[in-house]
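Written below as structure tokens is the structure these notes are about.
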Amino acid sequence: MAEAGLACIPPRSEFAKLIRDLLDWSAQYPDDWRKVWQMIEDKWDKDDPCPDGTLAPFNIDAKLNGAYLAFGLLYGKGDFAKTIEIATRCGQDSDCNPSSAAGVLGVMLGYERIPAEFKSGIPKLADTKFAFTDYSFNTICDSTMKRALELIAKHGGRVTDAEIVVPKQSPKAPKLEQWDPGIPDKKVPANDPAWTWNGRWADDKDTLVSKTAGDETTFRFRGVAVVIMGRLSQSGGRADVYLDGKKVGVADAYIVPNTNDDSLWHTYGLKDGEHTLRLVTTASADSRSTGHDLVVERAVVYRAR
């Protein structure tokens, strides 16, 4: 099954190479997931492009966390509790990974074979909508089943009241699409000399805050990509963004309630070299915003590979 899944991934992708390592090493050490985990860590837990995990012991890169999901399935060996435990103990995004591993195993086992301790609480909440959605457990299951049956029929299968026939397909990898932002190189805080500030910016807990139009900040860096990090909120405002003297976009610091983000603006694929980024706050804001706050915390700079 794992080999069939791997065959669906472009072989030159980093994700495929990582999973190939995991399958090969787990075959060598079938009873020692900790040893294989360390081998994967040593080779693959680095250069996380996510600006939150940059140059820190935190990696939300999908390929690494996808490997942790596979860890649970490979070493859990069909045991629901063990699968969840191993996927959790691998670390990093350890709420999503064990949940995903349990979901895959649940599909393999079938609902009736999932241990009662993991589903006994479902009836009490099955009709309660999940936070920030219009779906409950029951309605999302119905929706998922409907879409699955439609896809089966669309691709030559047969769906009747008595049976579902799924046509056999050979695994086939799609064309490789590999995004490469570069290697995380520096985290540059707002109080670093690489920044200059003009206007009525105020210091606030290691950030610089503007509440009015016409304030400016300039950041000079060398690299191929940059992310400007700040604090988005329901009182967020906007700033025009200039890169190397040319207006290239708008940074919008508004975010809807009950959500979270800290990326004000980013760009990738720059020519390797020196660049100048300038933000100029404006009088505009999202129609739902209660203010014009622009909070800048740091920049994350990426270098070429």
Index of the failed condition, VAL301 passing every other in (1) modelled with pLDDT of 95 or more; (2) outside any strand (DSSP E or B): (2)
When you look at THR276, is it surrounded by 17 or more Cβ atoms within 10 Å (Cβ to Cβ), under 18 Å from TRP195 (Cβ atoms) and either out of contact with any Phe, Trp or Tyr (no Cβ under 7 Å at 6 or more places or on another chain) or at pLDDT below 95 (or both), yes or no? no
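Please work out if ASN191 is outside the structural domain of CYS50 (by TED's automatic domain parsing), in a loop (DSSP other than H, G, I, E, B) and under 24 Å from SER289 (Cα atoms). Explain how you work it out, then say what you get.
Numbers: outside the structural domain of CYS50 (by TED's automatic domain parsing): yes; in a loop (DSSP other than H, G, I, E, B): yes; under 24 Å from SER289 (Cα atoms): no.
No, not satisfied.
Results for (1) in contact (Cβ under 8 Å) with a residue 24 or more places away in the chain; (2) in a helix (DSSP H, G or I), shown as yes or no for each residue.
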{"position": "GLY53", "(1), (2)": "no, no"}
{"position": "LEU64", "(1), (2)": "yes, yes"}
{"position": "PHE71", "(1), (2)": "yes, yes"}
{"position": "TYR75", "(1), (2)": "yes, yes"}
{"position": "GLU85", "(1), (2)": "no, yes"}
{"position": "GLN92", "(1), (2)": "yes, no"}
{"position": "GLY103", "(1), (2)": "no, yes"}
Limited to the range 184-209, what total is found for residues that are loosely packed, with under 15 Cβ neighbours inside 10 Å, among the basic types (Lys, Arg) and within 29 Å of the chain's Cα centre (by Cα)? 1
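Residues checked against (1) under 16 Å from the mean Cα position of the chain (by Cα); (2) under 27 Å from ALA173 (Cβ atoms); (3) crowded, with 17+ Cβ neighbours inside 10 Å; (4) assigned by TED's automatic domain parsing to the domain that holds PRO189:
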{"site": "ALA16", "(1), (2), (3), (4)": "no, yes, yes, no"}
{"site": "ASP24", "(1), (2), (3), (4)": "no, yes, no, no"}
{"site": "ASP52", "(1), (2), (3), (4)": "yes, no, no, no"}
{"site": "PHE80", "(1), (2), (3), (4)": "no, no, yes, no"}
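Table: residues versus (1) in a strand (DSSP E or B); (2) assigned by TED's automatic domain parsing to the domain that holds TRP195; (3) in contact with a Gly (Cβ under 9 Å, 6 or more places away or on another chain).
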site: ILE228; (1), (2), (3): yes, yes, no
site: VAL241; (1), (2), (3): yes, yes, yes
site: VAL256; (1), (2), (3): no, yes, no
site: ASP261; (1), (2), (3): no, yes, no
site: LEU277; (1), (2), (3): yes, yes, no
site: VAL280; (1), (2), (3): yes, yes, yes
site: LEU294; (1), (2), (3): yes, yes, yes
Any residue in the range 128-136 that is free of Cβ contacts under 8 Å to residues at least 40 places away in the same chain and closer than 30 Å to LYS77 by Cβ? no
Any residue at all in the range 161-178 that is outside any loop (DSSP other than H, G, I, E, B) and surrounded by 14 or more Cβ atoms within 10 Å (Cβ to Cβ)? no
Selection from the range 288-304 of residues closer than 21 Å to VAL224 by Cα and out of contact with any strand residue (DSSP E or B) (no Cβ under 6 Å at 6 or more places or on another chain) yields ALA304
Candidate set from the range 233-271 (those that are under 14 Å from THR282 (Cα atoms) and among the β-branched types (Val, Ile, Thr)); member that is nearest to the chain's Cα centre (by Cα): VAL250
Residues in the range 31-41: is at least one out of contact with any Lys or Arg (no Cβ under 6 Å at 6 or more places or on another chain), part of a loop (DSSP other than H, G, I, E, B) and among the acidic types (Asp, Glu)? yes
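Can we say THR212 is closer than 30 Å to PHE132 by Cβ and surrounded by fewer than 21 Cβ atoms within 10 Å (Cβ to Cβ)? Walk me through it before giving the result.
Values: closer than 30 Å to PHE132 by Cβ: no; surrounded by fewer than 21 Cβ atoms within 10 Å (Cβ to Cβ): yes.
Taking the combined requirement at face value, the residue does not satisfy it.
The values are calculated or read from the model by the stated rules, or taken from the named source; none is laboratory data. Computed from a predicted structure; not experimentally measured. Cβ atoms come from the backbone with ideal geometry, glycine included; neighbour counts cover every protein chain shown.
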